[in-house]
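Take a look at the structure set out below.
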Amino acid sequence: MATQSPKSKASSAEDCNPLTMLAKAHAEQQSMCDLLEKIADGLPGRIDERDCTRAAKFLETNLPAHHRQEENGLFAILAQRMMNQPGIRAILNQLREEHATDEGFAEEIAETLNQIAAGSMPDNPDMLGYMLRGFFENYRRHIHWEDMFLFPMAQEHLNQEDLTIIANRLSGQPRKKN
Ligand SMILES: [Fe+2]
Ligand SMILES: [Fe+2]
């Protein structure tokens, strides 16, 4: 029977850390933002329909799934463990509101991108460009804030048991569709 080296044990423990899992999802979201920027830069003429399909699918599936993972896993446990810390409730509420707002825009953008992929060009490319830029610029800020402040705060305040509970909740969520 094969034995794990200390190094591979350490890396698999890191892979199971829910904060690492969420940070990896953020890296995928950064790529999604880059793709949306590419689409916006190509307007009004040079749009790759496959880019539109890929971006729309991500916005419709991965994005809301990631938000539910954060809210039902990380935010729920953070709210319990840090209930006496001033401001934590406001921070988490703000992030939940941003999720809801971003999902609303993501749905609208995905609908338009699906129409483009089906061969129907937008009536108003400038408006689409404006919507795309507003979305990915805000979303990059959201990711940056979570990476720079929320995840380090979670790493500092949560113990191993908390991280295991979150990891279990994350793995119990519907997996993203590829
Ligand atoms: Fe988030
Ligand atoms: Fe996130």
Item checked: Test: ASN114 is more than 16 Å from ligand 1 (Cβ to nearest atom) and either surrounded by fewer than 14 Cβ atoms within 10 Å (Cβ to Cβ) or farther than 23 Å from ALA65 by Cβ (or both) -> no
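Listed here are the residues, each with its yes/no results for (1) touching a helix residue (DSSP H, G or I) at 6+ places or on another chain (Cβ under 6 Å); (2) at pLDDT 95 or above; (3) within 21 Å of GLN30 (Cβ to Cβ).
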position	(1), (2), (3)
ASN62	no, yes, yes
LEU92	yes, yes, no
GLU98	yes, yes, yes
THR101	no, yes, yes
ALA106	yes, yes, yes
GLU111	no, yes, no
ILE116	yes, no, no
GLU137	no, yes, yes
HIS142	yes, yes, yes
Note to self: Would you confirm, using the coordinates I've provided, whether GLU97 is charged (D, E, K, R), within 16 Å of ligand 1 (Cβ to nearest atom), exposed (fewer than 14 other Cβ atoms within 10 Å of the Cβ) and without any contact (Cβ under 8 Å) to a residue 60 or more places away in the chain?
What the structure shows: yes
Margin query: If I filter segment 120-174 down to residues being more than 19 Å from ARG68 (Cα to Cα) and among the acidic types (Asp, Glu), which single residue comes out as nearest to ligand 2 (Cβ to nearest atom)?
Written below: GLU137
Check: Quick check: is even one residue across segment 145-156 under 18 Å from the mean Cα position of the chain (by Cα), acidic (Asp, Glu), surrounded by fewer than 17 Cβ atoms within 10 Å (Cβ to Cβ) and within 16 Å of ligand 1 (Cβ to nearest atom)?
Finding: yes
Notebook entry, point to check: So which helices (runs of 4 or more DSSP H) are wholly in segment 45-133 and hold at least 1 residues that are under 21 Å from the mean Cα position of the chain (by Cα) and among the basic types (Lys, Arg)?
Noted result: 49-57, 63-69, 88-117
Check: ILE109 versus (1) among the β-branched types (Val, Ile, Thr); (2) within 16 Å of ligand 2 (Cβ to nearest atom); (3) surrounded by 18 or more Cβ atoms within 10 Å (Cβ to Cβ): which is the lone unmet condition?
Finding: (2)
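The values are calculated or read from the model by the stated rules, or taken from the named source; none is laboratory data. Since this is a predicted model, take the numbers as computed values, not measurements. No Cβ is skipped: glycine too gets one built from the backbone with ideal geometry, and neighbour counts run over all protein chains shown.
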